[in-house]
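The values are calculated or read from the model by the stated rules, or taken from the named source; none is laboratory data. Keep in mind it's a predicted model, so treat the numbers as computed, not measured. Glycine also receives a Cβ, built like all others from the backbone with ideal geometry; neighbour counts cover every protein chain displayed. The protein model used for the area step is the full one, side chains on, heavy atoms only, and it has no ligands, DNA or RNA in it. Shrake-Rupley method; radii C 1.70, N 1.55, O 1.52, S 1.80 Å.
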Amino acid sequence: MGRMTEAVKHILIINVILFFATQLYGDQMYQWLALWFPKNENFQIWQIITHMFMHGGFMHIAFNMFALWMFGTPVERVLGKNRFLFVYFSAGLGAVLFQLGFYYFNFLPAQSELLSTGLSNQQILDMLASNRLQEGLSQVQISTLRAVMPEYAQIYNASMVGASGCIMGVLAAFGMMNPEARLMLIFLPIPIKAKYFIPGIILLDVISAITGQSFFSPSNTAYMAHVGGAITGFIIMWYWKRNQFNQNRWD
């Protein structure tokens, strides 16, 4: 594969530095730099970018950085640094859009049901923040809270870290450039052409997001972030390939 390209190297270094900083400062780093659900009091606008450089553990960062090196290097070599960075961060933003959209899709109906009982939005958020019921609630309100609050609270307290959405965009770009390349999953060492492998991975992520059944990732994976990153990378490469580059020139 040759020497690591410039942007890939710098992204990898930043990820590693923040990983070691997280080992030193722990939860405080996640509170500052992970992407929290926007209604959570921990949410800050910069987290839309900073979460892309945070990871939840050694295996998380190891797999992501390996994939960044393996697929990012050839993609950057063809696209050049600036276009590679555009794909990388656009895919990360696409991952945010898809994952938060999925959260809101599940959060808003529960919120509407709670508001219909006469609870105010502030009351609901206060109970989420304190993790306890307020006094003076009606039996209907208590019953509704017990029914919908677990899922509501899970989304409210959700945080997202990792470069997976960015890397899925890079993987999609690699597949657009090399549709006949054969790829394999570590636990399923069967070579599959990229033009089939990448859509298959996206489909499994969609199924996992809807059903909660994990096929190849930990159960706390932000599956729709993977989908958003891959689709964003695909759209960018499709547009460039069709409108800006001829068959022999991509940079």
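Could you say which residue among 105, 98 is open to solvent by 60 Å² or more (accessible area, probe 1.4 Å), modelled with pLDDT of 85 or more, assigned to a helix (DSSP H, G or I) and touching a helix residue (DSSP H, G or I) at 6+ places or on another chain (Cβ under 8 Å)?
98
For region 128-152, which positions are more than 16 Å from residue 37 (Cα to Cα) and surrounded by 15 or more Cβ atoms within 10 Å (Cβ to Cβ)?
Residues satisfying the conditions are 137, 141, 144, 145, 148.
Which residue pairs have Cβ atoms under 9 Å apart, sit 6 or more places apart or on different chains, and have a first residue in region 128-144 that is in contact (Cβ under 8 Å) with a residue 40 or more places away in the chain and a second that is part of a helix (DSSP H, G or I) and of a type outside the set (Asp, Glu)?
129/156
Taking region 45-56 as the region of interest, how many residues are more than 18 Å from residue 98 (Cα to Cα) and open to solvent by 20 Å² or more (accessible area, probe 1.4 Å)?
2
Would you pick out the residues in region 133-147 that are among the hydrophobic types (A, V, I, L, M, F, W, C) and in a loop (DSSP other than H, G, I, E, B)?
133, 137
Listed here are the residues, each with its yes/no results for (1) over 15 Å from residue 232 (Cα atoms); (2) touching a residue at least 24 places away in the same chain (Cβ under 8 Å).
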{"position": "54", "(1), (2)": "yes, yes"}
{"position": "63", "(1), (2)": "yes, no"}
{"position": "77", "(1), (2)": "yes, yes"}
{"position": "101", "(1), (2)": "no, yes"}
{"position": "110", "(1), (2)": "yes, yes"}
{"position": "115", "(1), (2)": "yes, no"}
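Restricting to region 122-177, what's the tally of residues that are among the acidic types (Asp, Glu) and in contact with a strand residue (DSSP E or B) (Cβ under 7 Å, 6 or more places away or on another chain)?
0
Could you figure out which of (1) polar (S, T, N, Q); (2) at pLDDT below 90; (3) in contact with a helix residue (DSSP H, G or I) (Cβ under 8 Å, 6 or more places away or on another chain) isn't true of residue 123?
For residue 123, the exception is condition (3).
All but one of (1) over 22 Å from residue 76 (Cβ atoms); (2) surrounded by 14 or more Cβ atoms within 10 Å (Cβ to Cβ); (3) not β-branched (Val, Ile, Thr) hold for residue 15, so report the exception by its number.
(1)
Where residues in region 167-210 are under 21 Å from residue 60 (Cα atoms), in a strand (DSSP E or B) and open to solvent by 30 Å² or more (accessible area, probe 1.4 Å), which of them is modelled with the lowest pLDDT?
Applying the filter and picking the extreme gives 188.
Tally the residues that are surrounded by 18 or more Cβ atoms within 10 Å (Cβ to Cβ) and of a type in the set (Gly, Ala, Ser), restricting the search to region 108-127.
1
Go through (1) aliphatic (A, V, I, L, M); (2) within 30 Å of residue 174 (Cα to Cα); (3) open to solvent by less than 30 Å² (accessible area, probe 1.4 Å) for residue 93 and report which single condition fails.
Every listed condition holds for residue 93 apart from (3).
Taking the stated definitions as given, is residue 71 modelled with pLDDT under 95, closer than 23 Å to residue 99 by Cβ and either open to solvent by less than 20 Å² (accessible area, probe 1.4 Å) or of a type in the set (A, V, I, L, M) (or both)?
Answer is no for this residue.
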